[in-house]
Amino acid sequence: MPVITIPPGQPFSLDQTLGCGQVFRWDRAPDGTWLGVVGRNVIRIRQEGRRLMFSGVSADVIRSYFSLDVDLVPILSSIDTDPVIHAAIERCRGLRLVRQPPWECTASYICSTNSNIPTIRRRIASLAEQFGKPVKSEGQTFYTFPEPSCIAGKGQDNLAVCRLGYRQPYVHGTSCSVTDVTCWEETIRSLPYEEARKEMMKLQGVGPKAADCIILFGFQKYEAFPVDVWIRRILQKHYLPELATGAPVTNREYDRIRIFAREHFGDYCGWAQEYLYAARLE
DNA sequence: GACCAGGAAGAGT
DNA sequence: ACTCTTCATGGT
């Protein structure tokens, strides 16, 4: 089995990275091996100290997917501006933002609205099983995440079994809009954050929160700061007490929070967001 | 049953 | 440009 040795001084935790809720298609076996489908490949990967044992793709793909080429220490130093984020960094040290395939990320976060993580995972697994291509590995069958044309082409009837609820027409509509994935990807990639955000929000089912998640997880624009109910709660408690407690995230509040975060945490506030989110439950 | 979950669209102001 | 309402599904 191929091995990557993580350079000394580069924090990395596979469990934190795959378990924090940024990705929806990875499963952890009791022995600590993670299994996931990325692109056309089934990946198995396990961490023992500073060694990563993996199969299914090249070492370069692993390094890129898990952002092991990103120098994490200066990023953590730059966002470590107060005791609250400091505690989150201590607790989740080694968490890295993953480089998610942009289209899969887009469809995933359209499916994520107003839902909990187990439900989101089931929806995305169902999309893959219905429309993706089967891939065999060690005698088991897995499914790639489907291209937009595969979802758009088969009509709404096949989509119904995925039980997306009111999100179904959004997934279908956006699948129809993104006909040329490569071209669409390059367009978004070439735009600066604010413009990419506006462009993403033209897609059906993509509002401010989903747009920020896609830009952060799919396009590595680290100044994005997605605001969901958890992040709002955390910021209300520790940073912005003037926000009303328990209220829904209005549009105006959303902007107020993300602009505060950008100024408070700096250019890498997206990393701060993920550390705060990952540490949310305690 | 009520309430919540990595919200967004559409209608009405 | 800002509220208010509705939306479908599953977990607790």
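Numbers for the structure displayed
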{"read-out": "Verdict on A:SER77 being assigned to a helix (DSSP H, G or I), hydroxyl-bearing (Ser, Thr, Tyr) and under 30 Å from A:VAL178 (Cα atoms)", "value": "no"}
{"read-out": "Where A:HIS86 falls short, out of the listed (1) within 16 Å of DNA strand C (Cβ to nearest atom); (2) surrounded by fewer than 24 Cβ atoms within 10 Å (Cβ to Cβ)", "value": "(1)"}
{"read-out": "Candidate set: region A:205-228, residues that are among the small types (Gly, Ala, Ser) and more than 17 Å from A:TYR275 (Cα to Cα); chosen: the one surrounded by the fewest Cβ atoms within 10 Å (Cβ to Cβ)", "value": "A:GLY207"}
{"read-out": "Scan of region A:234-262 for residues that are assigned to a loop (DSSP other than H, G, I, E, B) and of a type outside the set (Val, Ile, Thr), ordered by number", "value": "A:TYR239, A:LEU240, A:PRO241, A:GLU242, A:LEU243, A:ALA244, A:GLY246, A:ALA247, A:PRO248"}
{"read-out": "Residues within region A:180-231 that are within 24 Å of A:TYR166 (Cα to Cα) and among the basic types (Lys, Arg), tallied", "value": "4"}
{"read-out": "Residue among A:GLY56, A:GLY19 that alone is small (Gly, Ala, Ser) and closer than 23 Å to A:TRP230 by Cα", "value": "A:GLY19"}
{"read-out": "Matching entry among A:ASP15, A:ASP69, A:ASP82 (being within 16 Å of DNA strand B (Cβ to nearest atom), of a type outside the set (S, T, N, Q) and over 13 Å from the mean Cα position of the chain (by Cα))", "value": "A:ASP15"}
{"read-out": "Residue within region A:92-104 that is within 16 Å of DNA strand C (Cβ to nearest atom) and of a type in the set (Gly, Ala, Ser) present", "value": "no"}
{"read-out": "A:GLN22, sole failed condition from (1) part of a loop (DSSP other than H, G, I, E, B); (2) over 21 Å from the mean Cα position of the chain (by Cα)", "value": "(2)"}
{"read-out": "Residues satisfying the stated conditions in region A:59-92, i.e. free of Cβ contacts under 8 Å to residues at least 24 places away in the same chain and within 27 Å of A:LYS136 (Cα to Cα)", "value": "A:ASP60, A:VAL61"}
{"read-out": "Residue match in region A:206-214 (condition: free of Cβ contacts under 8 Å to residues at least 12 places away in the same chain and in contact with a helix residue (DSSP H, G or I) (Cβ under 8 Å, 6 or more places away or on another chain))", "value": "no"}
{"read-out": "Single unsatisfied condition, A:ARG63 versus (1) touching an Asp or Glu at 6+ places or on another chain (Cβ under 8 Å); (2) at positive phi; (3) not hydroxyl-bearing (Ser, Thr, Tyr)", "value": "(2)"}
{"read-out": "Flag if A:ARG96 is under 30 Å from A:VAL70 (Cα atoms), within 15 Å of DNA strand B (Cβ to nearest atom), part of a loop (DSSP other than H, G, I, E, B) and at pLDDT 95 or above", "value": "yes"}
{"read-out": "Every pair of residues 6+ apart whose Cβ atoms lie under 8 Å, when the first sits in region A:239-256 and is over 21 Å from A:ALA224 (Cβ atoms) and β-branched (Val, Ile, Thr) while the second is away from DNA strand C (no atom under 11 Å from the Cβ) and not in a loop (DSSP other than H, G, I, E, B)", "value": "A:THR245/A:GLN236"}
{"read-out": "Pairs with Cβ under 6 Å, 6+ apart, first in region A:111-134 and farther than 15 Å from A:TRP26 by Cα and modelled with pLDDT of 95 or more, second near DNA strand B (Cβ under 9 Å from one of its atoms) and not basic (Lys, Arg)", "value": "A:CYS111/A:ILE120; A:SER112/A:ILE120"}
{"read-out": "Cross-chain or 6+ apart pairs with Cβ under 7 Å, region A:261-282 first and within 15 Å of A:TYR222 (Cβ to Cβ), then within 16 Å of DNA strand C (Cβ to nearest atom) and among the aliphatic types (A, V, I, L, M)", "value": "none"}
{"read-out": "Odd one out for A:ARG197, checked against (1) over 16 Å from A:GLN100 (Cβ atoms); (2) away from DNA strand B (no atom under 12 Å from the Cβ)", "value": "(2)"}
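The values are calculated or read from the model by the stated rules, or taken from the named source; none is laboratory data. Keep in mind it's a predicted model, so treat the numbers as computed, not measured. FYI the Cβ positions are ideal-geometry reconstructions off the backbone, even for glycines, and counts take in every protein chain you see.
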